[in-house]
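One structure is given here, and the rest of the page talks about it.
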Amino acid sequence: MSETNHTNSISGATKPKPQYDPDFTSNVIKATGPKANPRVAKVVGSLIQHLHDFAREVDLTVDEWMMGVNMINRAGQMSNEKRNEGQLLCDVIGLESLVDEITNKQLVGANYEATKTAILGPFFRHGTPPTKNDTSIIKTMPKDGEVTYMHGIIRDAATDEPLQSITIDIWQCSTNGLYEQQDPDQAEFNLRGKLTTDENGYYGLYCLRPVPYPVPYDGPAGELLQLLDRHPYRPAHIHIIAGSDKYSPLTTQIFDKSSKYLENDSVFAVKDDLVVDFVPVQGNAAASLELTLDIKLAKIA
Ligand code: BEZ
Ligand code: FE
């Protein structure tokens, strides 16, 4: 028998690989009815094929499968409007980052480079009140916060033309590693801003230098990290969504060049182009640091 027809048991002895019913998976996929939406039939059919292949490849046992089912159930039970454990489970296995890349490769034009994207993550909130340019998004100042003047110009990725009336949502956690909705000691919408570029494509605000923090690890995603001998930390970052009715909303994050965990982000979101430098600010008494961040957006086709 060939190598691939053997499997290793826990005792280390080699056992012959069992032969499973070769028609089983195609019968399950063929059960899809003619009225199913074609995209749903394609996506779910492929999911069934890959899940069955995976189960056969690792000779998945009922106990192991039940462990996974319990994890998914507990993720659902602990999810609410402040916590999305299902998304977090996907994040720690890199699925949100992969889907983000796939989605954006389809959206962006072939002849030019828009700013790179990164995952949304579970802490975005709709409804952040409008923020005037050059004001602060810090409503609850932490003792160890370093105020940063963050600013830049938003441009059309194809023409470099500065873009007026682009909306920019920005959010970050405080220096304790918690977003405002996770922390009763922070004011509502602390460290969240919703800005609009002026006629020169300019936006500017005062925020904090970001810090590394652990993703929530008191649930199934944390258990999985532990089972895989991994840490839960993300490198210091700020989240951004920029767009308008004419420009595809760009969801991204920028990462502090000097942060720990750039090489081993627990959710695999770091891209070299998104690593930025926080530098001492010159001639601005309101901040100690400055971050210049220009953004390039792709026009909606
Ligand atoms: C975040 O950056 O906010 C985040 C992303 C993925 C999982 C958890 C948190
Ligand atoms: Fe974050």
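The values are calculated or read from the model by the stated rules, or taken from the named source; none is laboratory data. Just so you know, these numbers come straight off a predicted model, no measurement behind them. Here the Cβ positions follow ideal geometry from the backbone for every residue, glycine too, while neighbour counts run over all protein chains shown.
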When region 189-210 is checked residue by residue, the ones that are under 23 Å from the mean Cα position of the chain (by Cα) and free of Cβ contacts under 8 Å to residues at least 40 places away in the same chain are none
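Do we find that LEU88 is among the aliphatic types (A, V, I, L, M), within 11 Å of ligand 1 (Cβ to nearest atom), out of contact with any helix residue (DSSP H, G or I) (no Cβ under 9 Å at 6 or more places or on another chain) and not in a strand (DSSP E or B) in this structure?
No; evaluated as a whole, the condition is false for this residue.
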Filter region 121-138 for residues that are at pLDDT 95 or above, surrounded by 14 or more Cβ atoms within 10 Å (Cβ to Cβ) and outside any strand (DSSP E or B) and give the result.
-> THR128, THR131, ASN133, ASP134, ILE137, ILE138
Does at least one position in region 48-59 carry a residue that is away from ligand 1 (no atom under 16 Å from the Cβ), over 24 Å from the mean Cα position of the chain (by Cα), crowded, with 16+ Cβ neighbours inside 10 Å and under 29 Å from GLY243 (Cβ atoms)?
-> no
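For region 225-247, which residues satisfy the criterion of being in a loop (DSSP other than H, G, I, E, B) and either buried (at least 20 other Cβ atoms within 10 Å of the Cβ) or small (Gly, Ala, Ser) (or both)?
As a first pass, look at region 225-247 and keep what is in a loop (DSSP other than H, G, I, E, B): 228-232, 235-236, 244-246.
Within region 225-247, PRO235, ALA236, SER244 qualify.
Among the residues of region 144-154, is there at least one that is without any contact (Cβ under 8 Å) to a residue 40 or more places away in the chain, in a loop (DSSP other than H, G, I, E, B) and under 30 Å from GLY68 (Cα atoms)? Can you show your working first?
Initial filter on region 144-154 (without any contact (Cβ under 8 Å) to a residue 40 or more places away in the chain): 144.
Filter again for in a loop (DSSP other than H, G, I, E, B), leaving 144.
Filter again for under 30 Å from GLY68 (Cα atoms), leaving none.
So far as region 144-154 goes, no, none of its residues is without any contact (Cβ under 8 Å) to a residue 40 or more places away in the chain, in a loop (DSSP other than H, G, I, E, B) and under 30 Å from GLY68 (Cα atoms).
Hey, among PRO232, PRO220, PRO210, which residue is in contact with a His (Cβ under 9 Å, 6 or more places away or on another chain), on the phi < 0 side of the Ramachandran plot and within 16 Å of ligand 1 (Cβ to nearest atom)? Let's see the steps before the verdict.
Details: PRO232 fails: in contact with a His (Cβ under 9 Å, 6 or more places away or on another chain); PRO220 fails: in contact with a His (Cβ under 9 Å, 6 or more places away or on another chain).
Of the residues listed, the single one that is in contact with a His (Cβ under 9 Å, 6 or more places away or on another chain), on the phi < 0 side of the Ramachandran plot and within 16 Å of ligand 1 (Cβ to nearest atom) is PRO210.
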